[in-house]
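Below: the structure, in structure tokens.
The values are calculated or read from the model by the stated rules, or taken from the named source; none is laboratory data. Every value quoted in this text rests on a predicted model; they were computed, and no experiment measured them. We place every Cβ from the backbone using ideal geometry, glycine too, and count neighbours over all the protein chains shown.
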Amino acid sequence: MKKWMISLMLIALVLSGCVSQAADTRTVFDAKVGILLSDTGLGDGSFNDAAFSGLERARNELNILFDYREAPEGNYEEKLLELVEGDYDLIVGLGFSVQEALEKTAEAYPDQQFLLIDGTSEIDNVISMTFKDHEGSFLVGVVAAMATKTNTLGFIGGVDAPVIHRFEAGFTAGAKYVNPDITIITEYAGDFGDADLGRSIAAKQIEAGADFIYPAAGYTGTGAILEAQDRGIFSAGVDTDQFYTAEKSVVTSMMKNVDIAVYELVNDLISGELPEESYELGLKEDGVGLAEIRLFEADTNGKAMLIDVRKKIISGDIEVPETVK
């Protein structure tokens, strides 16, 4: 009996040592990244979800650790400070709405590296990443002009800001490239997070004759797309492929490949190849583009036009405006 007890004690000691060793083991990550999401946070089916997806892929494939913060109350600086205290290699601010708080935080912590997405900063420790939303939106405008039967389109902006102006300008220019006499009804919601408001604006535009709605308005835009579906007209999604949001309405989506861009940037971070100042991503860089076209099929000439337009934008033969002329 004593021998058994001694043996059991020895086994317990060995196991205890193994557990202790396991407890002392730490996972070594190649990089630590923190992100502050924009206004509406996760679940927008658009901008925030795309960036988050890119970080999830980086976590799974590139051995990184990441954490995120949401600031629905607009307390961006408070959330950024929480990330600074987490000692991350890179802190990402998503969206132009966080720019002021991010720049203030960056100036207070000059040794911390920041990335601003959808804005341009002159602060030394802030890298800027912008997208040529107008180029992708031009293609959406071309599709919308081909699909409309009333020659009246609707555009809904989230807030009246330069980033959203690019969506409007590209969409308008693309539609008028196909039909110079086409009418575009435009309204800015002043809110990215109000689906009911999006529905209301879309309903007004439809009643005014629009039979294709293009919202660049986050969750407000989701409401607009759903209203378009309920009213039996076409729409286009934005940032991600929103076909599954309204399968009877969404013809295509302006793909803002934030997920791919974030993943590639983290890869650059790990390899030590981050740029000193900025990224600017358009059709040429695969930063923007079109999702699959469904529900509507362009004729042979229309398909050829889409291919030709894309090539001409990339080559510079078509210069897409960033503001509505």
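Just a yes or no: is a residue in the range 257-267 assigned to a loop (DSSP other than H, G, I, E, B), in contact with a Ser or Thr (Cβ under 9 Å, 6 or more places away or on another chain) and buried (at least 23 other Cβ atoms within 10 Å of the Cβ)? Checked against the condition, which is being assigned to a loop (DSSP other than H, G, I, E, B), in contact with a Ser or Thr (Cβ under 9 Å, 6 or more places away or on another chain) and buried (at least 23 other Cβ atoms within 10 Å of the Cβ), the range 257-267 yields no hits at all. In the set (1) part of a helix (DSSP H, G or I); (2) among the β-branched types (Val, Ile, Thr); (3) surrounded by fewer than 22 Cβ atoms within 10 Å (Cβ to Cβ), the condition left unmet by residue 143 is number (3).
If only residues of the range 29-58 that are modelled with pLDDT under 90 and aromatic (Phe, Trp, Tyr) are counted, the one that is surrounded by the fewest Cβ atoms within 10 Å (Cβ to Cβ) is 29.
Selection of the range 268-279 for residues being surrounded by fewer than 21 Cβ atoms within 10 Å (Cβ to Cβ) and closer than 20 Å to residue 53 by Cα yields 268, 270, 279. Going by the conditions given, is residue 107 surrounded by fewer than 16 Cβ atoms within 10 Å (Cβ to Cβ), at pLDDT 95 or above, under 22 Å from residue 166 (Cβ atoms) and out of contact with any Ser or Thr (no Cβ under 7 Å at 6 or more places or on another chain)? The answer is no for residue 107. For the range 6-28, the tally of residues that are closer than 25 Å to residue 259 by Cα and at pLDDT below 50 stands at 0. If the condition is being assigned to a loop (DSSP other than H, G, I, E, B), closer than 13 Å to residue 41 by Cα, in contact with a strand residue (DSSP E or B) (Cβ under 9 Å, 6 or more places away or on another chain) and not aliphatic (A, V, I, L, M), then the range 54-103 contributes 70, 95. Among what's in the range 191-227 and is over 30 Å from residue 117 (Cα atoms) and not acidic (Asp, Glu), pick the residue that is surrounded by the fewest Cβ atoms within 10 Å (Cβ to Cβ). Per the criteria, the residue is 208.
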